[in-house]
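The following block contains the structure, expressed as structure tokens.
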Amino acid sequence: MGNDERRHETESGGVDQVANLGLMRPPFIYLLAIFLGLLLHFAWPLRVAPRAVSTPLGIAAVIVAVALFLYAARTFRIAGTPVPGNRPTTTIVRTGPYRWSRNPIYLSFSLLQLGIALWVNTVWLLVTLVPAVALMSFVVIPREERYLESRFPSEYLPYKASVRRWL
């Protein structure tokens, strides 16, 4: 895809037409955090809780994370906007899980990592979750918010004021 297809020209100049280009894409951030956490776990296992507690809680969290992701992705598809952040957003979605969270997919990624941490019973996945959430909160989501504010100012700003970023 060339630069002409990735840019949206406005009166004030060029504005990126997509919010997430490059390596700082959410799935990569969480996959790296999970990989590093598992690597640390195999090198130096530190348990979270007794298996009788951690396994059922972990499985439940993974199921909820997958269900939330599927619900959020389905809501995007119904609205006619793509899920991947490297494709242009076509509308502001306010239905489904987007009524309670502006980022239910990222919430599902975080919950998935939490669930895996409990299921595998390792502190390390909790430790690596912290920088993943920090990167999302301070780099990725603000970049996406700027993109949405510039692309849909009359729709996104009221939505942003009425719905929390995470929960």
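Name the trypsin sites (Lys or Arg not before Pro) in region 100-167 that are in a loop by DSSP and that have at most 12 other C-beta atoms within 10 Å, would you?
Within region 100-167, the qualifying trypsin sites (Lys or Arg not before Pro) (loop, at most 12 other Cβ atoms within 10 Å) are ARG164.
Once the Cα atoms of helix 26-43 and of the chain are each reduced to a long axis, what angle between those two axes, in degrees from 0 to 90 to the nearest 10, is obtained?
Here the helix axis deviates by roughly 20 degrees.
If you don't mind, another one. Would you please calculate the Kirkwood hydrodynamic radius of region 101-167 over all C-alpha pairs and express it in Å, rounded to one decimal? Mind showing how you got there, number by number?
Numbers: mean 1/r = 0.0762 Å⁻¹.
It works out to 13.1 Å.
With the radius of gyration and the Kirkwood radius both derived from the Cα set of the chain, what is their ratio Rg to Rh? Write out the running numbers ahead of the final one.
On the way: Rg = 17.7 Å, Rh = 17.2 Å.
Rounded to two decimals, Rg/Rh equals 1.03.
Still on this structure: Which whole-Hz ³J(HN,Hα) couplings does region 64-75 yield from phi under the Karplus relation 6.51 cos²θ - 1.76 cosθ + 1.60, θ = phi - 60°, glycine and proline marked x?
Result, rounded to whole Hz: 5, 4, 5, 4, 5, 4, 5, 4, 5, 5, 5, 4.
Sort 105-111, 91-97, 50-56 for me by packing, meaning the mean count of neighbouring Cβ atoms within 10 Å per residue, highest on top. Can you show the working numbers first?
Values: 105-111: 22.6, 91-97: 16.0, 50-56: 12.1.
Sorting 105-111, 91-97, 50-56 by mean packing, highest first, produces 105-111, 91-97, 50-56.
Quickly estimate the mean residue ellipticity at 222 nm for the chain, helices only: each DSSP H run with n ≥ 4 gives -39500 (n - 2.57), and the total goes over all residues, rounded to 500.
Working: 7 runs with 102 residues, N = 167.
So the calculated ellipticity at 222 nm is -20000 deg cm²/dmol.
Would you work out the relative contact order for region 23-162, in percent, from Cα pairs under 8 angstrom that are 6 or more residues apart? Numbers along the way, then the final one.
Numbers: 157 pairs, mean separation 52.5, N = 140.
After rounding, I find 37 percent.
What are the ³J(HN,Hα) values, in whole Hz, obtained from phi via the Karplus relation 6.51 cos²θ - 1.76 cosθ + 1.60 with θ = phi - 60°, for each residue of region 129-145 in sequence order, with x given for Gly and Pro?
Taking θ as phi minus 60°, the curve returns 5, 4, x, 5, 5, 5, 4, 4, 5, 10, 10, 5, 5, x, 5, 5, 5 Hz for region 129-145.
Rule-based calculations on the coordinates, nothing more; no lab input. Fair warning: this is a prediction, and the values are worked out from it, not measured in the lab. Heads up, the Cβs are rebuilt from the backbone with ideal geometry, glycines too, and the neighbour counts pull from every protein chain shown.
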